[in-house]
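Working notes for the structure below.
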Amino acid sequence: MKLEPVLGDDPREILRGLRGALHGAGPALGLGLVSDLPGEVRPGTAVVVTTSGSTGVPKSVILSRDALTASALATADRIGDGAWLLALPPSYVAGLQVLVRSLVADREPAILSGAFTPQAFAAAALMMVSTDHGERIPTYTSLVPAQLARLLDAAEHDGAVGAALRSFETILVGGQALPAAMLERAEAAGARIVRTYGSTETSGGCVYDGVPLRGVRVRIERGEVQVAGPVLADGYFSDVGRTVPTAPPLAAGASSGASGPVGPAVFVRDSDGTRWYRTGDAGLFDGGVLRVRGRIDNVIVSGGVNISLDRVERIVRTIAGLDEAVVVGVPDARWGEASVIVASRGEALRRSEAVQLEEARAAVQHEIGSHARPSRLVLVDELETLPSGKPDREAIRRAVLALR
């Protein structure tokens, strides 16, 4: 089956190609960093999505027609059917799924063209209002937290942006953890938010507000979140070692015997044939609801003690003015490694830098212990992000190292 690279991020071009790929009438699409990929893929492939990820390591994920369609149908089963607004890059899985859901529902998506701004978002959202046989057609969209933060800030003085937020039946928010304070702001503004958890390997969000979608199974093995179901990717292109396990199959429900993925393979099978994706995320079930605690491997060793930077970051983001801060690890002459808070200068300067750092350190000490306290607060003009809207953590870390 032919793989056709799509250069650039034109949503209309991707939508045209995706229509053929989903229906089997056209070639599979290669999105992202696809220049080095061969020109043929296995039958049934719809898209190969290559992303750099927040750590800068490229991955080419093979997504079948069946997996993408299963994800779209499960989303409609959970939140309902209607019209979608694309406000994310379509070469990333969250944006791609907006187009897939539209095609599966046989509706043309609304497309936010050009750079994302609250005003452009509001104009596109408010243009979507329509009816079918006298019934209003529900509207939906998908955002990352950074976009939602901009919209909430703008809504404080722009009524059109507030009306746009309230116009959606559901706004899916994923890509990274949504700070509790931001969720509260959104709900106070009348927005109906559903937090999603998933990855390119799961065809996008597959757990909504902590509950798996229809057909999706989630388990915790040695603290790691693992996912099974029809939404799983076929694997990684030209990377058999990470796709097919070299170890014998796990017994159903058996532990892998490690705190994270053992060896390179991230797709494994139980003895009963069930195929699981090992996410590398730490998590637990709380009253039947999945709680994701961050990356297993996003850990520093400070003074001989393991510290989860994701956990520190979640606590730091509860401090006023630091709700979008990023916490990175850097070498430290005394402790080996230490954590550093990096925040936007415009947000942080609303309050004293010294006060914010002290409040963050106190909060981390209270929740984790004194050993996990961030060493300093670094202010930058703007936090670097990936095209998907996620923080570019490796670029942010390099910028902090350059200041030393």
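Every number in this text was worked out from the coordinates using simple rules, so none of it is lab data. Worth saying up front: this structure is predicted, and the values here are computed from it rather than measured. Reconstructed Cβ throughout: ideal geometry from the backbone, glycine too, with neighbour counts over all protein chains shown.
Here the Debye sum runs over all C-alpha atoms of region 92-170 as equal scatterers in vacuum, and log10 of I(q)/I(0) at q = 0.14, 0.23, 0.25 Å⁻¹ comes out as -0.48, -1.21, -1.36. Among 273, 329, 389, the residue with the largest mean-square fluctuation in a Gaussian network model of the chain, with springs joining Cα atoms closer than 10 Å, is 273.
Computed about its Cα centre, the charge dipole of the chain is approximately 560 debye, with only Lys, Arg, Asp and Glu carrying charge at their Cβ.
Among residues other than residue 271 whose Cβ falls under 15 Å from its Cβ, what is the net charge (Lys/Arg +1, Asp/Glu -1)? Provide the component values of the computation, followed by the final result.
Details: positive: 219, 269, 275; negative: 221, 270, 272.
In short, 0.
Taking a span of 20 Å or more along the helix axis (Cα atoms) and a mean Kyte-Doolittle hydropathy of at least -0.5 as the rule, the DSSP H helices of the chain that qualify are 65-79. Dipole of the chain computed with +1 at Lys/Arg Cβ and -1 at Asp/Glu Cβ about the Cα centre; of 304, 265, 225, farthest Cα towards the positive end is 304. Residue ranges 149-157, 114-122 sort as 149-157, 114-122 when ordered by packing (mean number of other C-beta atoms within 10 Å per residue, highest first). Taking the number of Cβ atoms within 10 Å of each Cβ as an exposure proxy, the fewest-first ranking of 278, 166, 101, 295 is 166, 295, 278, 101. Between 104, 23, 179, the Cα set farthest toward the positive side of the dipole of region 3-206 (charges on each charged residue's Cβ, about the Cα centre) is that of 179. With the cut-off at 1.5 for a/c, could you classify region 298-403 from its C-alpha gyration tensor as rounded, prolate or oblate? Cα axes put region 298-403 in the oblate bin. Taking 357, 309, 232 as the candidate residues, the one with maximal mean-square fluctuation in a Gaussian network model of the chain, Cα springs under 10 Å, is 357. Across region 273-404, C-alpha contacts under 8 Å between residues 6 or more apart give a mean separation that, scaled by the residue count, equals a relative contact order of 19 percent.
On full extension, the segment bounded by residue 180 and residue 354 gains 60.3 nm, given 0.36 nm per residue less the C-alpha separation.
Counting every alpha-carbon pair across region 3-206, the share separated by more than 20 Å comes to 56%. Only Cα pairs under 8 Å and 6+ residues apart enter the sum, and on that basis the relative contact order of region 3-206 stands at 16 percent.
I need to check one value: relative contact order of the chain, counting alpha carbon pairs closer than 8 Å and at least 6 residues apart, in percent.
11 percent
Using the crude model of +1 on Lys and Arg Cβ and -1 on Asp and Glu Cβ, and no other charge, please compute the dipole size for region 279-404 relative to its Cα centre, in debye to 20. Provide the component values of the computation, followed by the final result.
On the way: 18 positive and 19 negative charges, 45 e Å.
In total the dipole reaches around 220 debye.
Here is the size of the chain from its Cα atoms: Rg then Dmax, 21.4, 70 Å. Residues within the reach of a label modelled at residue 211 (point 7 angstrom out along Cα to beta-carbon, backbone nitrogen below 15 Å), restricted to region 76-96, are 76-80. Can you give the % of DSSP beta bridges in the chain that are antiparallel, to the nearest 5? Once the DSSP bridges in the chain are tallied, antiparallel ones form about 65 percent. Determine, from the Cβ-Cβ distance of residue 289 and residue 188 and an R0 of 25 Å, the FRET efficiency 1/(1 + (r/R0)^6), rounded to the nearest 0.05. With a Förster radius of 25 Å, E is 0.65.
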